[in-house]
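Since the structure comes first, as structure tokens, the remarks are kept for the end.
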Ligand SMILES: [Cu+2]
């Protein structure tokens, strides 16, 4: 009777030990492999990360004047993923400008790969601001209107679609 009790409690002890070790292994696997992978950037197709071409928007001379209707040139850009989804704003004016999304809704202005759209601070004369758009709805276009913070009459629009090919 006493021998059976001993062996059964011994087996019980080993069972607990196995559970603890298994739990430990699971937790360390979770923190070492699963979590870092989850925190990595989303998967984006290689052709979207390295599009064939780029889209240039010039911030032309005299853009700071409200009387000049042309500032971001061109004002409307329609970019296609894998084709020209890298957009470069070139400040060729003599005044600092920004590229600032009209919306404050993070969902609308955040690209899953590149993060939040918009220049941080001003783009100085002779400097560029570039942004890689990697996301577009399955049908139709993602539309992002933007403006210049110091000169709110300066407005432009980015439309992003998937490649038609
Ligand atoms: Cu401006």
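Computed from the coordinates by the stated procedures, all read-outs in this text should not be read as laboratory data. Just so we're clear, the structure is a prediction, and the values are computed from it rather than from any experiment. Neighbour counts are summed over all protein chains in view; Cβ atoms, including those assigned to glycine, are modelled from backbone coordinates with ideal geometry.
Computed from Cα positions, the angle between helix 2-29 and the longest principal axis of the chain comes to roughly 10 degrees.
Distance between the C-alpha centres of segment 125-165 and segment 67-110: 5 Å, rounded to the whole angstrom. Once the Cβ-Cβ distance of residue 103 and residue 16 is raised to the sixth power relative to R0 = 41 Å, the FRET efficiency obtained is 0.15. The order of 153, 29, 89, going from fewest to most other C-beta atoms within 10 Å of their C-beta, is 29, 153, 89.
P(r) for the chain, from all Cα pairs and a bin width of 5 Å, is 2, 8, 13, 15, 12, 9, 7, 5, 4, 4, 3, 3, 3, 3, 3, 2, 2, 1, 1, 0, 0 %, short bins first. For the chain, the relative contact order comes to 23 percent (Cα pairs under 8 Å, sequence separation of at least 6). Only beta bridges with both residues in the chain are counted; by DSSP, about 60 percent of them are antiparallel.
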